[in-house]
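As structure tokens, the structure follows; a few thoughts come after it.
The values are calculated or read from the model by the stated rules, or taken from the named source; none is laboratory data. Computed from a predicted model, the values in this text were never measured in an experiment. Don't worry about glycine lacking a Cβ; one is built from the backbone with ideal geometry, like all the others, and counts go over all protein chains shown.
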Amino acid sequence: MKYIFLLFTLLFGSLLSAAQTVTVSILPQKYFVEQIAKDFLHVNVMVTPGSSPHTYEPKPSQMKELASSDAYFSIGDGFEKAWLPKFQSTNPKMLMVDTIKGIDKIAMAEHHHDDEEKSDSKKEAHHDHEHQHEAGELDPHVWLDPILVKTQAKNIYEALVSLYPEHKNEFTHNYDAFIASLDALDATLRSTLSEVKNRKFIVFHPSFGYFAKRYDLEQIAIEVHGKEPKASELAHLIEEAKEENVKVVFVAPQFSQKSAQTIAKQINGKTLTIDPLSDKWSENLLSIAKIFQSELK
């Protein structure tokens, strides 16, 4: 019996090692790939739960899996700008797939207040918030808009068919089903958010620009160019939150909650966590929409 168990273990281990592997940058991409490939592929994810793609550095174990990957599906975010050439040199035969090819990205929204002293009239006018972004910086968070994910799905599907043409029929069947589910999800999100009264929401990191644009919401970011706001900027955000009757400040598990908690305390409100990088992608967007429906009154 011991020898049979050992043989089974070795056989099972060899089957796992023989499985086709692809690598993605973030967990939502793993979800997308698996909707089309199902169990055919092992998906190696670079940015692990709780980590930020803006500052992440791959672990040796991930680089080892990358070396045996047939493809890398990129998102054009954070660490990839520095690491993609290294990934390619690690595995020159690996197909590099730009999943956001064909998507027109929007500017990265960041809440900004001028620190200079203002006259009373300028201060009054300054109550209106504005957004600005660093020159050339575009918002990478396209995966939070189900309609844009349809483009990502198409890019993933075409890459998988080119890599594994013998599986085209099942990929096509799964892809068609995934596209239909994205349309259904979009309709549900639109319906859920249609009755939200306060269309503005405050969040620390501006991850939800595409989500807000798609569903007629307005994102107000606490973060200023990737940094905690200065005292004067924080004061303006608190003032604006009071003017807009905001009672909830949204945070993500990958980022600091210090400023959000300060604002929430000053407005007698609370903080709530919404995760832009959940592996349960579809369920997560539905959950966020329901939270907005409940909290944005």
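When you check LYS64 against the structure, is it surrounded by fewer than 18 Cβ atoms within 10 Å (Cβ to Cβ), basic (Lys, Arg) and within 18 Å of LEU160 (Cα to Cα), yes or no?
Working: surrounded by fewer than 18 Cβ atoms within 10 Å (Cβ to Cβ): yes; basic (Lys, Arg): yes; within 18 Å of LEU160 (Cα to Cα): no.
Spelling it out, it is not the case that LYS64 is surrounded by fewer than 18 Cβ atoms within 10 Å (Cβ to Cβ), basic (Lys, Arg) and within 18 Å of LEU160 (Cα to Cα).
Quick check on the range 192-199. Is at least one of its residues in contact with a helix residue (DSSP H, G or I) (Cβ under 8 Å, 6 or more places away or on another chain), farther than 17 Å from PRO253 by Cα and part of a helix (DSSP H, G or I)? Even if it seems obvious, please write down each step before you answer.
We begin by selecting, within the range 192-199, every residue in contact with a helix residue (DSSP H, G or I) (Cβ under 8 Å, 6 or more places away or on another chain); these are 192-193, 195-196.
Within this subset, residues satisfying the condition of being farther than 17 Å from PRO253 by Cα are 192-193, 195-196.
Still in the list and also part of a helix (DSSP H, G or I): 192-193.
Yes, because at least one residue in the range 192-199 is in contact with a helix residue (DSSP H, G or I) (Cβ under 8 Å, 6 or more places away or on another chain), farther than 17 Å from PRO253 by Cα and part of a helix (DSSP H, G or I).
Do we have any residue at all in the range 67-75 that's surrounded by fewer than 18 Cβ atoms within 10 Å (Cβ to Cβ), at pLDDT 90 or above and out of contact with any Leu (no Cβ under 7 Å at 6 or more places or on another chain)?
The answer is yes, given that some residue of the range 67-75 is surrounded by fewer than 18 Cβ atoms within 10 Å (Cβ to Cβ), at pLDDT 90 or above and out of contact with any Leu (no Cβ under 7 Å at 6 or more places or on another chain).
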- Task: Mind checking which strands (runs of 3 or more DSSP E) fall wholly inside the range 217-276 and carry at least 3 residues that are surrounded by fewer than 19 Cβ atoms within 10 Å (Cβ to Cβ)?
- Result: 270-273
- Query: Residue check, ALA109 against (1) touching a strand residue (DSSP E or B) at 6+ places or on another chain (Cβ under 8 Å); (2) modelled with pLDDT of 85 or more; (3) aliphatic (A, V, I, L, M), all met but one. Which one?
  - Reply: (2)
- Just for the range 85-97: of the residues that are assigned to a helix (DSSP H, G or I) and in contact with a helix residue (DSSP H, G or I) (Cβ under 8 Å, 6 or more places away or on another chain), which one is farthest from VAL22 (Cα to Cα)? THR90
- In the range 175-184, is there at least one residue being surrounded by fewer than 20 Cβ atoms within 10 Å (Cβ to Cβ), more than 19 Å from GLN293 (Cβ to Cβ), free of Cβ contacts under 8 Å to residues at least 60 places away in the same chain and charged (D, E, K, R)? yes
- Which members of the range 243-265 meet the condition of being touching a residue at least 60 places away in the same chain (Cβ under 8 Å), out of contact with any helix residue (DSSP H, G or I) (no Cβ under 7 Å at 6 or more places or on another chain) and not polar (S, T, N, Q)? GLU243, PRO253, PHE255
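Being at pLDDT 90 or above and either loosely packed, with under 13 Cβ neighbours inside 10 Å or in a helix (DSSP H, G or I) (or both) is true for just one of ILE103, ILE147. Which residue is that? Write out each step before concluding.
Numbers: ILE103 fails: either loosely packed, with under 13 Cβ neighbours inside 10 Å or in a helix (DSSP H, G or I) (or both).
Answer to the selection: ILE147.
Just name the residue that is farthest from PRO146 (Cα to Cα) out of those in the range 277-297 that are of a type outside the set (A, V, I, L, M, F, W, C) and assigned to a loop (DSSP other than H, G, I, E, B). Can you show your working first?
Residues of the range 277-297 that are of a type outside the set (A, V, I, L, M, F, W, C), as a first pass: 278-280, 282-284, 287, 290, 293-295, 297.
Filter once more, so that each one left must be assigned to a loop (DSSP other than H, G, I, E, B): 278-280, 297.
Working: SER278: 14, ASP279: 15, LYS280: 14, LYS297: 24 Å.
Selected residue: LYS297.
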